[in-house]
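No value in this document is a laboratory result; all are computed from the given coordinates. Owing to the predicted nature of the structure, the values given are computational and were not obtained by experimental measurement. Glycine also receives a Cβ, built like all others from the backbone with ideal geometry; neighbour counts cover every protein chain displayed.
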Amino acid sequence: MFEDMTREEAIDHMLEQFAIHCDGNDQQAHALATERNAGFASPETVAQATGHLIKDNYLSEKYSFWNIPFGHYATVWAWADEMGTPDPMIPGQIIQLHVFGEHAQRKTYVMIDVSNGSIFYINSSKEGGEGGYNSRNWKRIEQVTKLWKAGDSDCAVGQNMNLTASTRRFSRLRFHIKGLGTQFTLETPAVDNPVIMFTGIGSSEKSIWNIRIELTNYRDNVVLRFTKCRLATIHGNGTIDFTDDTGFTIAGIEGIY
């Protein structure tokens, strides 16, 4: 490192590194640059202060879940016996675990599944979890991504929608559909070639409408084609009419994880 520096650069670098460990004044020449401990800063303290996580895949062998010290960890999920495992995680999954709080009773845990970005949290107001209206169950923070929004016109049957990400990155898809003089918001599993089916009832007409919309994925699931729309109209006298492409359009799509 130092061979590529000038004398002045090397001195500046050494002083900067020394200042990380020795931040004080004339009365406390070696005071730690935090309020928690006097003396030199540990490597872990410096790492966390600069945004780095403590890497420890054996954290569960050192601490029970509710006794994990405040800090930020790169570890694996291994507290299933104490806390249960939130879906869709599995024991041994690589996670980021962030532990915040005021003291041992008031703690907040935020867990991120590194493989897919799912975020879970637990809040407590008594030692060992729960307290007040808190529970010992993980809560999942829903993440919503706008995949497509209509521009000058909505998407009609036979047209394509260029998505901002593959549908396979999500667990559910939310569609905003227009038709029958109103708008429907519907969710479906993020499967390849999704099919949406729903029902509408007229406010004054004695009819019920059953709608089936078929979509087809192209180009690694980043292009979605509005393939077909089929409408079954059930009249008050019991007769049923079937029609295709009856003016339904798609105004927007969101991916949910």
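Okay, here's what the table says:
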| read-out | value |
| --- | --- |
| Per-residue ³J(HN,Hα) for the stretch 132-145, Karplus 6.51 cos²θ - 1.76 cosθ + 1.60, θ = phi - 60°, Hz, x for Gly and Pro | x, 9, 7, 10, 8, 9, 5, 10, 8, 8, 5, 10, 10, 10 |
| The stretch 164-173 - phi-based ³J(HN,Hα) in whole Hz, Karplus 6.51/-1.76/1.60, Gly and Pro as x | 7, 7, 5, 5, 6, 7, 10, 9, 9, 10 |
| Extension reserve of the Q159-N116 stretch, reckoned as 0.36 nm per residue once the Cα distance is removed | 12.4 nm |
| Rounded tilt (10° steps) of 7-21 against the dominant C-alpha axis of the chain | 80 degrees |
| Rounded Å value of the spacing that divides the Cα centres of the stretch 122-180 and the stretch 208-244 | 23 Å |
| For the stretch 213-226, 3J(HN,Hα) per residue [Karplus equation, 6.51 cos²θ - 1.76 cosθ + 1.60, θ = phi - 60°, Hz, x = Gly/Pro] | 10, 10, 10, 10, 8, 10, 6, 6, 6, 10, 10, 10, 9, 7 |
| Choice from P88, P189, P69 with maximal GNM fluctuation in the chain (Cα, 10 Å cutoff) | P88 |
| Under-5 Å amide H pairs with L147, H placed in peptide plane, nonlocal only | I253, E254, G255 |
| Where only alpha carbons of the chain are counted, the Rg and the Dmax (Å) | 28.1, 95 |
| Total formal charge among the other residues, if their Cβ is under 13 angstrom from that of T188, Lys/Arg +1 and Asp/Glu -1 | -1 |
